[in-house]
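Take a look at the structure set out below.
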């Protein structure tokens, strides 16, 4: 692994670029985390729209700097709206981030994910390692079924130093197969466009103790897709989220508080994130 200070310097101005342009980010997300996602997008410097009705989706896509599809709660009307987003982002060349939450749990989720990928040209696909293994299995990149645990990563799929090399290879192969950037979040993040593979070692375990940290990250990735290329968007967004999590956790421990306070501090740290903090705290490695 090689610490990549050149890539860090190249992406360090993306936060300022985002805040100067404040693009509209259209997010179809789930009702469990919709408020958190909207606040995360606002905190990082963009403007969220959370429209869910299919008849108006095309108009929102045409206004948006980027779009996000989060499959946390697959309602019938949402699926139709998701299809409209998939089709029209491809027609308009609008960046699209797909988050296949709980992929592998049901046939509906598997079929819907494959349909959305077929209809669109996703810039980034983000998930935990269980979801990404399930996706790789659907596309014959991985031949062992992942044991998904609802919306959470299964214990055996948690990214660690022991399984890092194999997981990076799988993610890289999947990125090549789907011609997109794959962004896997966990204690260690893996990001690949198949040619360039990166890991981010800024993870905090407390992230899994609040609902919506992954959903917020997906929406933040969408925000950065509006100002830079997908690979740099994935790296910048993942670093901003992970570093904010670290700083929020430190504040939570210092004040002897719990996960509720951490959730609030996380939004605060996203709001206060800047290029200086990105450069100071980042643990970005090329592999």
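Some points to look at:
- Residues in the range 46-56 that are surrounded by fewer than 24 Cβ atoms within 10 Å (Cβ to Cβ) and in contact (Cβ under 8 Å) with a residue 12 or more places away in the chain: 47, 48, 49, 50, 51, 52, 53, 54.
- Residue 253 being surrounded by fewer than 19 Cβ atoms within 10 Å (Cβ to Cβ) and within 27 Å of residue 182 (Cβ to Cβ): no
- Selection count, the range 1-18, where residues are crowded, with 16+ Cβ neighbours inside 10 Å and assigned to a loop (DSSP other than H, G, I, E, B): 2
- Restricting attention to the range 102-140, the residues that are touching a residue at least 60 places away in the same chain (Cβ under 8 Å), within 16 Å of residue 90 (Cβ to Cβ) and surrounded by 23 or more Cβ atoms within 10 Å (Cβ to Cβ) add up to 2.
Conditions tested, residue by residue: (1) closer than 26 Å to residue 192 by Cβ; (2) modelled with pLDDT of 95 or more.
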site	(1), (2)
3	yes, no
24	no, yes
77	no, no
90	yes, yes
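- Some residue of the range 73-93 being touching a strand residue (DSSP E or B) at 6+ places or on another chain (Cβ under 8 Å), part of a loop (DSSP other than H, G, I, E, B), crowded, with 20+ Cβ neighbours inside 10 Å and touching a residue at least 12 places away in the same chain (Cβ under 8 Å): no
- Residue satisfying all of: in the range 256-287; more than 16 Å from residue 187 (Cα to Cα) and in contact with a strand residue (DSSP E or B) (Cβ under 9 Å, 6 or more places away or on another chain); surrounded by the fewest Cβ atoms within 10 Å (Cβ to Cβ) among these: 286
- Residue 242 being closer than 18 Å to residue 95 by Cβ and modelled with pLDDT of 95 or more: no
- Matching residues in the range 57-72 - criterion: being in a helix (DSSP H, G or I) and in contact with a helix residue (DSSP H, G or I) (Cβ under 9 Å, 6 or more places away or on another chain): 57, 58, 60, 61, 62
- Among the residues of the range 245-287, those identified as part of a loop (DSSP other than H, G, I, E, B) and within 28 Å of residue 3 (Cβ to Cβ) are 272, 273, 274, 282, 283, 287.
The values are calculated or read from the model by the stated rules, or taken from the named source; none is laboratory data. All of these numbers come straight from a predicted model, not from anything done at the bench. All Cβ positions, glycine included, derive from the backbone under ideal geometry; neighbour counts span all protein chains shown.
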